[in-house]
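**Q** Can you read through this structure? Questions will come right after.
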Amino acid sequence: MKNICFVTNYKKTYFFDAIGKEIIARGGKVYWIVLNKMLYNYLLPIYGEDNLLLINKEQGSIPNAKIGEYKLNELASVDRALKYYGEWGYDFLRNIQKPIYDFISTNKISFVFGETTYAHEVMMCRMFKDKKELSCTFLHPQTIRIPGYHFTFLEDEFQSKIYEGVKFDTYEEGYVIKVQRPTESVVNEKRVKKSMNVLSKLERSTRFFTQKNMEKDDPSVSPTNITGRLNKGLTEEWNRLTYPLVKTEPYSKIQHENFVVYTLHKQPEASVDVVGRYYDDQYTNIQNIWRILPDDWYLVVKEHTNAIGDRSLSFFKKIKKLRNLVLLNEHINSHKIIQDAKAIFSVSGSIAYEAALYGKPAFLFVPIFFDKLQNCQRITLETLRNINNINELLANWEVGKKGKMPIEEFSKYLMTYSAKGLISDPLTDPKCMGEENLSHVVNGFLKLIE
């Protein structure tokens, strides 16, 4: 059985820990890369000192020579925590390279499991591809959006490549993926709705002033400077408070018109800040789509239901200045909009996946694992700049479908390389810790590493 390693990530650590314990019970070896002392002390009696590598602020401040070039300017400047640390953020990413390299090499670790949300995770993904002598692969276990209750292992930082080193064969003859609302969206929407009530706001205020659960030695946590945190927290609360002042239009305004759709991503979020890097300025995306539309077409924009508080009133006023831009209420049924639209645009969002399954043109600014579908096509700034208008883009879409997977073929591919189970954390979705789900997930991991 291959040696594996997990990277700690807040509450998801406890989910990975449940998997790790079971793998140890089956005779496997499990290691950890840990970002704060609290989680280190939690894992220490279970896994032992030799199986843990601590890379908290203290350890990450010890000077070490870098072992490769991994675009630290890019990584540190967009990381949701390190961008607030100035020069230290770059030092941290440089200093942890050698300890991680030595830890992986000494323990002959074949797979490291984590996310690609934070700069240190993306750097590891790049490092292991660069240092082939390590024979180590960074994998991101992720619940696939559609169908529900299946997960796969993604092997690149952009979540575009599914790891094909093992087949899980959950495909059943004749199965075809149908459009459904992603489980994660349902869970997150409930959490957001709960967060808007008075009790949740009081709890957030209490946590803010007591700094409960704030591990000050964790480099993936924003600086605990009270002024900075206060400004950030007040801005988010003000955005939530003023969002009802944002004027939205009824769907009837554009229902019978020619229109295309762009749905806003929650931000900060890995799907746009990491996966969608270089297309993370969402106003620019909107403006560039708007530029290719004929004068009698509409651009429909819809806020993400989980993103209330991310954007200011001024942002919405700015986009609404664009002629024929219609801002819809976030609760309007997206499936109805998709079916009436001429095309869907997204950085990497599930709405493009849903549109492709409906047979509609779906344009993505970055590659993603579901863009193998024939109705999904990747576009760039140059694509929009060099076409005459939306009609030429749609004509190119028709031609580009050739050679890509129809839904039936993609369904077989996705089910072949995905296992049953839900990847999550106890806070987001407590069902992930259920005995049946853990059994499915552990079996998926074991099939990979045995």
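The values are calculated or read from the model by the stated rules, or taken from the named source; none is laboratory data. Since this is a predicted model, take the numbers as computed values, not measurements. Because the Cβ atoms are built from the backbone with ideal geometry, glycine has one as well, and the counts that use them run over all protein chains shown. To get the accessible areas, we keep the full protein, side chains included, count just its heavy atoms, and leave off ligands, DNA and RNA. Shrake-Rupley method; radii C 1.70, N 1.55, O 1.52, S 1.80 Å.
**Q** Restricting to the range 1-30, give me the number of residues that are outside any loop (DSSP other than H, G, I, E, B), out of contact with any Asp or Glu (no Cβ under 8 Å at 6 or more places or on another chain) and open to solvent by 10 Å² or more (accessible area, probe 1.4 Å).
**A** Qualifying residue count, the range 1-30: 6.
**Q** Looking only at the range 74-95, count every residue that is within 18 Å of the chain's Cα centre (by Cα) and of a type in the set (K, R) and tell me the total.
**A** So the count comes out to 1.
**Q** Here's something else I'd like to know. Buried (at least 18 other Cβ atoms within 10 Å of the Cβ) and touching a residue at least 40 places away in the same chain (Cβ under 8 Å): is that true of L245 in this structure?
**A** Here the answer is no, as L245 does not meet what is asked.
**Q** Check G403, G434 and return the single one that is surrounded by fewer than 20 Cβ atoms within 10 Å (Cβ to Cβ) and either touching a Ser or Thr at 6+ places or on another chain (Cβ under 7 Å) or modelled with pLDDT under 95 (or both).
**A** G403
**Q** Ok, one more. Scan K372, K360, K302, K342 and give me the residue that is open to solvent by 50 Å² or more (accessible area, probe 1.4 Å) and closer than 27 Å to V274 by Cα.
**A** K372
**Q** In this structure, does K317 turn out to be modelled with pLDDT of 95 or more, under 30 Å from G233 (Cα atoms), open to solvent by 40 Å² or more (accessible area, probe 1.4 Å) and part of a loop (DSSP other than H, G, I, E, B)?
**A** So K317 does not fit the description; no.
**Q** Given the criterion assigned to a loop (DSSP other than H, G, I, E, B) and either open to solvent by 20 Å² or more (accessible area, probe 1.4 Å) or within 22 Å of G444 (Cβ to Cβ) (or both), identify the matching residue among R80, R94.
**A** Of the residues listed, the single one that is assigned to a loop (DSSP other than H, G, I, E, B) and either open to solvent by 20 Å² or more (accessible area, probe 1.4 Å) or within 22 Å of G444 (Cβ to Cβ) (or both) is R80.
**Q** Okay, moving on. Looking only at the range 161-173, filter to residues that are open to solvent by less than 60 Å² (accessible area, probe 1.4 Å) and part of a loop (DSSP other than H, G, I, E, B); which one of those is farthest from F138 (Cα to Cα)?
**A** Among those that are open to solvent by less than 60 Å² (accessible area, probe 1.4 Å) and part of a loop (DSSP other than H, G, I, E, B), it is Y171.
Every residue, every condition in (1) modelled with pLDDT under 95; (2) open to solvent by less than 10 Å² (accessible area, probe 1.4 Å); (3) over 23 Å from E164 (Cα atoms), yes or no:
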{"site": "K412", "(1), (2), (3)": "no, no, no"}
{"site": "L427", "(1), (2), (3)": "yes, no, yes"}
{"site": "S439", "(1), (2), (3)": "no, no, no"}
{"site": "F445", "(1), (2), (3)": "no, yes, no"}
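**Q** If you scan the range 51-70, which residues turn out to be without any contact (Cβ under 8 Å) to a residue 40 or more places away in the chain and surrounded by fewer than 19 Cβ atoms within 10 Å (Cβ to Cβ)?
**A** Answer for the range 51-70, where residues must be without any contact (Cβ under 8 Å) to a residue 40 or more places away in the chain and surrounded by fewer than 19 Cβ atoms within 10 Å (Cβ to Cβ): S61, I62, P63, N64, A65, K66, E69.
**Q** I'd like the full set of residues that are assigned to a loop (DSSP other than H, G, I, E, B) and touching a strand residue (DSSP E or B) at 6+ places or on another chain (Cβ under 7 Å), limited to the range 367-387.
**A** Answer for the range 367-387, where residues must be assigned to a loop (DSSP other than H, G, I, E, B) and touching a strand residue (DSSP E or B) at 6+ places or on another chain (Cβ under 7 Å): P367, Q374, N375, I379.
**Q** Mind listing just one residue for me: the one in the range 136-160 that is of a type in the set (A, V, I, L, M) and not in a loop (DSSP other than H, G, I, E, B) and, of those, surrounded by the fewest Cβ atoms within 10 Å (Cβ to Cβ)?
**A** The residue in question is L139.
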